[in-house]
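Right, one structure below, let's go through it.
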Amino acid sequence: MQRWQGFDAVPPGWGKCVVTIGVFDGIHRGHQAIIGEAVALAAERGLPSVLITFVPHPAEVVRPGSHPPVLTTIVRRAELVEQLGVDVFCALPFTYDFSRLPPDEFIHQALVERLHASAVIVGENFRYGHHAAGDVPLLQILGRRFGFAARGVGLLQDNDRALSATYVRSCVHAGDMEGAALILGRPHRLDGFVERGDQRGRELGYPTANLHAEAWAAIPADGVYAGRVVRLDERGRTLDGPPLGVAAISVGTNPTFEVRQRRVEAYVLDFEGDLYGASIGVEFVSRLRGMERFADVDALVRQMAIDVEQTRALLC
């Protein structure tokens, strides 16, 4: 799969293609359905499929400070898209000037001028252009003007609820990792690198990998979780092979030691080695309990042993 940083990366002489466009944060099952239709239509027409997403999230440009929690890094998003058979992943810089383009100019610049779209597949709720004035019916009108077909794909439903990134974020915020996984089609994952902490876990017999995640990352509710840790390369891409291991994961401020900084710490079961500086992904499978303040260190260590055994029972 080709990866483009904006339209300046479009190769000279680029021909027609089938395009799907959206934020696509999370690449959840609803996104997968939209992308799947674009990939299938491209194959039917013998054309490459192009997925356009935006960096940063449009909300941060249009309403600074309103950036929603991010479910997937841009690197992870590209990785998931590649697995769906997309030929080109285009991360389009979303600027203030770009946000002010009227819908027809937005479509002309994004889809026609450089990409020569033959067809455009989007979700039925796709909005674009200044003040989000453009919708799918207008896209179909513009398609007739500019010479491409346009289709809006109905949103997938689960128990009468539309599958959306917003709903996934609400599940993550509540610590409902099973609910998030049901919509995503996989466990929610936080990517980042391992930074040095206060090494208190090592002193207690449970050395943890302290994850430094990207800004705006969707971090689950405070508590202890059962999950897995996977290795990433220096670019943040998942390395081939089995997971690094099953992990008991703590999210929160560790009130027993009056730590104020909110942290994500993963104890990888049966792992021996040094992960400092390594890039990892932490997958959250199930919440075991909330964050608690213990009367003393011995009580905390006893509970940590229980957390580890529950994690082992669930995932090993």
Original post:
For helix 297-315, what angle does its Cα long axis make with the longest principal axis of the chain, in degrees from 0 to 90 and rounded to 10?
Top reply: 50
Original post:
In µm²/s, what is D for the chain at 25 °C and 0.890 mPa s, where D = kT/(6 pi eta Rh) by Stokes-Einstein and Rh is the Kirkwood radius from Cα pairs?
Top reply: 116
Original post:
Which residue fluctuates the most in the chain, going by a Gaussian network model with Cα springs under 10 Å, if the choices are GLU234, GLU214, GLU44?
Top reply: GLU44
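Fewest to most neighbouring Cβ within 10 Å: what's the order for THR311, THR253? Present the calculation step by step, with values, prior to reporting the outcome.
Numbers: THR311 24, THR253 16.
If I rank by nearby Cβ atoms, fewest first, I get THR253, THR311.
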**OP:** Please build a GNM for the chain, connecting alpha carbons under 10 Å apart, and tell me which residue among HIS108, HIS188, HIS31 fluctuates the most.
**Re:** HIS108
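May I ask you to derive the FRET efficiency for ASN125 and HIS67 from their Cβ-Cβ distance with R0 = 22 Å, giving the value to the nearest 0.05? Intermediate results must be reported in sequence, preceding the final value.
Working: r = 20 Å, r/R0 = 0.90.
In this case the efficiency is close to 0.65.
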**OP:** Give me the distance between the Cα centres of segment 138-210 and segment 47-91, rounded to whole Å.
**Re:** 12
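Taking a ≥ b ≥ c as the square roots of the eigenvalues of the Cα gyration tensor of segment 187-315, is the shape rounded (a/c under 1.5), prolate (a/b larger than b/c) or oblate?
Details: a/c = 1.58, a/b = 1.42, b/c = 1.12.
Cα axes put segment 187-315 in the prolate bin.
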Original post:
Equivalent-ellipsoid semi-axes (√(5λ), Cα gyration tensor) for segment 115-241, whole Å, largest first?
Top reply: 41, 18, 13
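Could you give the length gained by full extension between ALA162 and GLN83, i.e. 0.36 nm per residue of separation minus their alpha carbon distance, to one decimal place?
Net length gain for the segment: 26.1 nm.
Between GLU214 and ASP274, what is 0.36 nm times their sequence separation minus the Cα-Cα distance? Round to one decimal in nm.
Values: separation 60, 0.36 × 60 = 21.60 nm, distance 2.16 nm.
Gain in length upon complete extension: 19.4 nm.
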**OP:** Work out how much length LEU314 to ASP298 would gain on full extension: take 0.36 nm times their residue separation and subtract the Cα-Cα distance, in nm to one decimal.
**Re:** 3.3 nm
Subject >> the chain: angle of helix 165-174 to the longest principal axis, Cα-based, in degrees nearest 10 >> reply: 10
Original post:
Using Cα atoms only, what is the angle between the long axis of helix 74-83 and the major principal axis of the chain, expressed in degrees (0 to 90) to the nearest 10?
Top reply: 70
Original post:
Which of rounded, prolate, oblate describes segment 29-136, given a ≥ b ≥ c as roots of the alpha-carbon gyration tensor eigenvalues and a/c under 1.5 marking rounded, otherwise prolate only if a/b is larger than b/c?
Top reply: oblate
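Readers should treat all values here as calculations from the given coordinates under stated rules, not as data from a laboratory. Remember, it's a predicted structure, so these values are computed and weren't measured experimentally. For neighbour counting, all protein chains shown are included, and Cβ atoms are generated from backbone atoms with ideal geometry for every residue, glycine included.
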